[in-house]
Amino acid sequence: WTAVKRTFPDAWGKPPKESRLMHGAGIRALGRVMDHIMRGIDPNAPSAEEAILHSLAPLKKVCHWTSGRWEELDGLAWNEIQNLPRHTQLLSSVLVRAVLARGGTT
C-alpha cells in the first residue's frame, strides 16, 4: 500500500468525505487492482515496490479521488462514488482495465 500512497499522495490519508481513495469503495476497488498486480510481482524482490509503482502509474490518468468526474463511469462526480456493490464493481473494472491496458499484470 506504500506504492498506492506514493501514487496518490494528495488523496491518501484524508477522511472519506474528502477522498474516495480512503472511502470503502476506493479501498475495495484498489484491493482488487492490487490482487491483479501482485500476481506478477515477487513481494520479496528488492524491486517489488518500483514494479508496483510502475503498474499503478496508468491509474493517475483515470482516477478522480478528490475532485473532478470519472469519465469512464459516465461522468460520475468524484464524491458520488458510494460503497455499494454496483459502484465498487464498476470502479474496480475501470481501474483493472487501466492497469491491464498498460500491461501492468500477468
In the range 31-66, trypsin sites (Lys or Arg not before Pro) in a DSSP loop with at most 12 other beta-carbon atoms within 10 Å: ARG39
Ordered by packing density, taken as the mean number of other Cβ atoms within 10 Å over each peptide's residues, highest first, how do 70-82, 88-100 rank? 88-100, 70-82
For the range 35-106, inverting the pair-averaged 1/r of distinct alpha-carbon atoms gives a Kirkwood value in Å of 13.2
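Throughout, read-outs are computed from the coordinates displayed, never taken from laboratory work. Remember, it's a predicted structure, so these values are computed and weren't measured experimentally. Cβ atoms come from the backbone with ideal geometry, glycine included; neighbour counts cover every protein chain shown.
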